[in-house]
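Contents: one structure, followed by commentary.
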Amino acid sequence: MCDKVFFVGVVERAILFNDKNVNSQGQHIVQLAETEAVERKALKGNVAHVGRSLIILCYSEISAKLTQFLNFHTHNFPPPPDEKSIYNLLIQDIKRFGEVENNWISLGIHPWYAHPEDWQIQLAAVEQLAGHKNVLAIGECGLDRGILLPLATQLTIFTAQVKLAEQLQKPVIIHCVRAFNELVQWQKQAKPSVPLVVHGFNNKPEIMQQLLAHDFYFSLGAALLQPESNAVKVLKIIPLSRLFLENDDRSIPIEKIFEAAAVQLEIPISALKNQIWTNFATVFNP
Ligand SMILES: [Zn+2]
């Protein structure tokens, strides 16, 4: 039995290393029923069920077995073969849900596309699909000082989505532009019970520290390719357990962002991949 076990997400099969059943790729397979028995016996609280399937990876073997990059937030679909992504389905594209539902999805009302008059109708559409097993997170949603919609209205719409996330116990992917004070104040009062991940973070280390003190996670993106960016400065001081990587709406392969981050961190890409998958296991298996 492995020393440490991670839940890695929604998949079509369960994998348990060191088990007797090995498939043609050398993966150790257990069926769900068996996994439940194993879980009861040995794995205790380390495994979460999402839908009817789960994947279990032994830490010591994870680098050899798990070759895909996790792209935490992307608007690109479909993902390339070397990537496992959380595809962000925008509210105006919600009719396309059926086309993308086999991928991991984040679903929510981006402040740019929130309708001040009928956002409740938009929210109802999100609510209808948000319980789907492949909707891993609510979002991106959040606060943006650069748009006309008043921040107070944005906060109402954002808060309603976090409430939904809490009902479903799913993390929230946050878009925040020049409204970090408001975001922190909100967190202090609301104290939501689900993980909060600020995506596309490219702000000063002091803002990162403030958010970190209030339990936020961070997803860093294409700004890591700019050596002088705030993202690079933040990367060097952020606890690695709080980090995700993404390409957002850019066409840059996620591998390039992992490469840039690994160079800055002076660690092998394989170690970074493992760290990010471990973080994923933490956030999606609270
Ligand atoms: Zn985005």
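No value in this document is a laboratory result; all are computed from the given coordinates. The shown structure was predicted, so the numbers you read here are calculated from the model rather than taken from an experiment. Here the Cβ positions follow ideal geometry from the backbone for every residue, glycine too, while neighbour counts run over all protein chains shown.
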Quiz item: How many nm separate the modelled label positions at residue 237 and residue 118, each set 7 Å beyond the Cα in the direction of the Cβ?
Solution: 4.7 nm
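Within a Cβ distance under 11 Å of residue 212, other residues only, what is the Lys/Arg minus Asp/Glu net charge?
Residues close to residue 212 contribute a combined charge of -1.
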Quiz item: Among 106, 270, which comes first, second and so on when ranked by fewest other beta-carbon atoms within 10 Å?
Solution: 270, 106
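For 87, 113, 217, what ranking results if the residue with the fewest other Cβ atoms within 10 Å of its Cβ goes first?
113, 87, 217
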Practice problem: Find how many whole Å separate the alpha carbon centroid of the range 222-286 from the alpha carbon centroid of the range 108-180. | Solution: 25 Å
Quiz item: Once you list every other residue whose beta carbon is under 14 Å from the beta carbon of residue 181, what net charge do they have if Lys and Arg are +1 and Asp and Glu are -1?
Solution: +1
Quiz item: Past the 22 Å Cα-Cα mark, which pairs from 84/133; 233/256; 204/236; 191/233; 204/273?
Solution: 191/233; 204/273
Quiz item: What's the FRET efficiency of residue 264 with residue 156 using the Cβ-Cβ distance as r and R₀ = 41 Å, to the nearest 0.05?
Solution: 0.60
Practice problem: Please report 162, 126 as a ranked list, fewest other C-beta atoms within 10 angstrom at the top and most at the bottom. | Solution: 126, 162
